Amino acid sequence: MRPRDGTRWWRGQVAEDFWGGPCEVKTESKRGEYKREIKCKDGLGASWRGEWKTEFRDGPCLVKQEAKRDEFKEEIKCEARK
């Protein structure tokens, strides 16, 4: 996920709030960490289905995702490569 200004999230601090259709999207990043939260009023416009939680590794990063009917949260924390 790249912020709308084109910068890459792992290169510095970025905070952005915007509307994606009927959903409010908030993103925040700092070196090695990225958070995204999407809230859709009454679940309208949500692209996910059901309620679930998952946690997995993507290379050097730990990804945590949590979905509810009207809310999706994603957090990515990366360890520096040696």
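The values are calculated or read from the model by the stated rules, or taken from the named source; none is laboratory data. Please read these numbers as outputs of a predicted model, since none were measured by experiment. We place every Cβ from the backbone using ideal geometry, glycine too, and count neighbours over all the protein chains shown. In case anyone asks, the SASA skips ligands and DNA or RNA and just uses the protein heavy atoms, side chains included. Shrake-Rupley method; radii C 1.70, N 1.55, O 1.52, S 1.80 Å.
Here are the numbers for the structure shown:
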| quantity | calculated |
| --- | --- |
| Residue that is modelled with the highest pLDDT, among those in the range 43-72 that are open to solvent by 80 Å² or more (accessible area, probe 1.4 Å) and assigned to a loop (DSSP other than H, G, I, E, B) | E51 |
| Pair list, Cβ under 7 Å, 6 or more apart: the range 27-45 residue within 15 Å of Q65 (Cβ to Cβ), other residue open to solvent by less than 30 Å² (accessible area, probe 1.4 Å) and assigned to a loop (DSSP other than H, G, I, E, B) | T27/P3 |
| Cβ pairs under 6 Å, 6+ apart, first in the range 63-82 and under 13 Å from E37 (Cβ atoms), second among the small types (G, A, S) | D70/G43 |
| Tally of residues being more than 22 Å from G21 (Cβ to Cβ) and in contact with a helix residue (DSSP H, G or I) (Cβ under 8 Å, 6 or more places away or on another chain) across the range 31-75 | 2 |
